[in-house]
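S.K.: So that we are looking at the same thing, I have put the structure below in structure tokens.
The values are calculated or read from the model by the stated rules, or taken from the named source; none is laboratory data. Since the model is a prediction, treat every value here as computed from it, not as a measurement. Note that we place each Cβ from the backbone using ideal geometry, even for glycine, and neighbour counts take in every protein chain shown.
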Amino acid sequence: MNEDSVPILAPAPRTKPIVIPGRAPVPVTLLTGFLGAGKTTLLNRILNGEHGLRVGVLVNDFGAINIDAELVEGVEENTINLTNGCVCCEIRDDLVNSLEQLLTREDVIDYVILEASGVADPEGIVMTFLDQRYEKLLRLDSITCIVDAEAIFTHADNDDLSALKLRQIGFADMVVLNKVDLVGPEHIEVIGEWIGQHLNRIRIVNAVRCEVPLEILLAVGRFDPAHLKSQKQSLDTKGDRQKHDAASQMFETWSFESDQPFSLEALREMVRRELPASVYRCKGIVYISDSRDKRFALQAVGRRTELSELGVWGKATPRTQIVAIGSLINAEDLNQKFEACLVQE
């Protein structure tokens, strides 16, 4: 074999998980939705907000982001650092490299939000997040789809665009139906029926200018299950029901506490199959009969549910504390569903 015939060997793709010592996987939200639905409006709210979180936002175009000039601390090649701790990064040619650069920064990011292109099929992005290389680096917390209530049926005669919108909704754990102030109640009902004809158990949150409580969108920092007491106090100061004036949308909280342990399998199945659509996010610290010495974290956002081990109770008394955030919650029904999962002793 002469030199010209020797094959050129490409570097083997990385298959081992990326691990940063001392860092837990960072929760990630994928933000999807068709062009003009309001994704950038929501990102602007988060980037300019005073929520105490170091949120890393990956966007397709800096030009669409409206960041208060007073918040800009520094600008690097493709990164804007903000004084409130948030970081905004522009995705260049490679989503994977942009994601790795953000997550491996020296200053730790609490949460990542990735803005998908308005015409992107979310499947490829989701598969990237589920790659074993990133299992120690990130945790897919939720997929949220922003839908324009006024324009959802625009181009209805275009089968490809209608199919794309349905795929974006179908991959989502939760749908934010934005701009509901621009349409009537009948139109909102038609949208719900249209989605229901194609997809099951989609949780839909009505909104104006994407004004959705961060307690629904995020699950980290003060929104983490471990900080339920401060969350509930924060929500209670706004009233048990938070009215969306323009959208006539009611947000409310429900809480559950018990010294009795849960059956892990019963709780997992109930949350996965029976949690009402009126509950947008449910989270808490759970006492499990199957592993009484260990704490478990319950996370449910839209259709995505997770029960994960947190570590031992230590000196703390084992006790379940759960909070749910939603709209027009039937507290009695929810109490019965959770109580049915308790182990009777």
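Here's the yes/no breakdown for (1) closer than 25 Å to LEU214 by Cβ; (2) modelled with pLDDT of 80 or more; (3) not β-branched (Val, Ile, Thr):
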site	(1), (2), (3)
VAL96	no, no, no
GLU100	no, yes, yes
LEU103	yes, yes, yes
ASP121	no, yes, yes
ILE125	yes, yes, no
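S.K.: How many of the residues in segment 193-212 are surrounded by fewer than 16 Cβ atoms within 10 Å (Cβ to Cβ) and part of a helix (DSSP H, G or I)?
M.R.: 4
S.K.: Considering segment 289-322 alone, what residues qualify as being under 29 Å from ALA172 (Cβ atoms) and outside any strand (DSSP E or B)?
M.R.: GLY302, ARG303
S.K.: Restricted to segment 86-100, and to residues that are free of Cβ contacts under 8 Å to residues at least 40 places away in the same chain and surrounded by 16 or more Cβ atoms within 10 Å (Cβ to Cβ), which residue is farthest from ARG167 (Cα to Cα)?
M.R.: Checked segment 86-100; the qualifying residue farthest from ARG167 (Cα to Cα) is VAL87.
S.K.: Now for a different question. What are the residues in segment 149-179 that are under 22 Å from LEU218 (Cβ atoms) and either small (Gly, Ala, Ser) or assigned to a helix (DSSP H, G or I) (or both), if any?
M.R.: GLN168, ILE169, ALA172, listed by residue number.
S.K.: Additional query: What residue, among those in segment 1-36 that are at pLDDT 85 or above and of a type in the set (S, T, N, Q), is nearest to ILE216 (Cα to Cα)?
M.R.: Step by step, filter segment 1-36, then rank; the result is THR29.
S.K.: A follow-up question, please. Go through the residues of segment 259-270 one by one and say whether even a single one is surrounded by fewer than 17 Cβ atoms within 10 Å (Cβ to Cβ), modelled with pLDDT of 90 or more and either part of a strand (DSSP E or B) or among the aromatic types (Phe, Trp, Tyr) (or both).
M.R.: Within segment 259-270, none of the residues are surrounded by fewer than 17 Cβ atoms within 10 Å (Cβ to Cβ), modelled with pLDDT of 90 or more and either part of a strand (DSSP E or B) or among the aromatic types (Phe, Trp, Tyr) (or both).
S.K.: Here is a follow-up. May I ask you to list the residues in segment 143-165 that are hydroxyl-bearing (Ser, Thr, Tyr) and modelled with pLDDT of 90 or more?
M.R.: Correct list: THR144 only.
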